[in-house]
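Worksheet for the structure shown next.
The values are calculated or read from the model by the stated rules, or taken from the named source; none is laboratory data. This structure is a prediction, so every number in the text was calculated from the model and none was measured. Cβ sites come from the backbone with ideal geometry, for glycine too, and all protein chains shown count toward neighbours. For accessibility, only protein heavy atoms count, side chains too; no ligands or nucleic acids. Shrake-Rupley method; radii C 1.70, N 1.55, O 1.52, S 1.80 Å.
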Amino acid sequence: MKRYRDIVGDGGSNIVGQVEAQQARLGARLRDVRAIVAVVSGKGGVGKSSITANLAGAFALAGARVGVLDADLNGPSMATMLGVRGRTLLVGPDGVEPPAGALGIRVMSMDLLLAGDATPLTWDAPTQAEAHTWRGTMEANALREFLADTAWGALDLLLIDLPPGTDRLATIVGLVPALAGTVIVTIPSDVSRLVVRKSITVARAAPAPVLGVIENMAGVFPGVGAEAMAHDSGVPFLGRVPFDPALAAAADRGEPYVAAAPAAPAARALAAIADSLRETLRHARS
């Protein structure tokens, strides 16, 4: 059996050529997407995915063609929140057709590939140490395939819902050089503030601009608010979304809250944030 050190070059597998071809296909797929925005948070439990689903809903309600890529491979939730969980993926002549959920939002998620609630995403390797070593690379490859093989079609906005952590943004920036920017979600707690500051630092180092910070669950948690943190960090503050249990209930039903209860304070706040983002993206393109 040959070991890696015994193989000259890539052993005839042409891995570099395959990756280059896939990256070229990815670029072609995204050519008709006007803006790609990553939604990030340094800490879990801040409601980032609910914010993503409702921003998508607000843009769709305004007439935009919207897609959402669920980049959280281990804890995907977008398929549920946008009403496409359990749908069968269809492969057309142009690639995998993303199912259209609430308000016509196109969704791609690992949840659509896993069988059942209890099916975890696992990386096979001889040892756990090797699985841990390769996990980041395999996740990046999976996201590249989602972007390259999905027939997104013409979109005004593609939102990428990233898992918690400060390291995932670099992966997306490497895959999507035309990223329009990042949106950072936090809650008004001291613990979240400490972690999210790191996310802001990482996002500001990326070639894409920080479009702003959103404070979710406003009025519940004590501590320094996101507006002061954004000001101190030199990034825009997009607004506060007041805590509302009905927002989570709508997500469980697969219905964006901005459509289910447009007059509710949380829904109005989300619509206003989407309006602000729309203006920012419009000016960036002009």
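With the other protein chains left in place, how much accessible area per residue, in square angstrom, belongs to region 173-286 at a 1.4 angstrom probe?
Value for region 173-286: 46 Å² per residue.
If amide hydrogens are placed 1.01 Å from N in the peptide plane, which non-local residues have theirs closer than 5 Å to the one on Gly67?
Arg106, Leu157, Leu158, Leu159
Which distance in nm do the two modelled labels at Ala178 and Asn74 give, with both placed 7 Å along the Cα-to-Cβ direction?
3.2 nm
Less than 18 Å from a label point 7 Å out along the Cα-to-Cβ axis of Leu89: which backbone N atoms in region 151-182 qualify, by residue?
Flagged as within label range: 151-153, 159-163.
In percent, what relative contact order does region 149-250 have, based on Cα pairs under 8 Å that are 6 or more apart in sequence?
Once divided by the residue count of region 149-250, the mean separation gives 25 percent.
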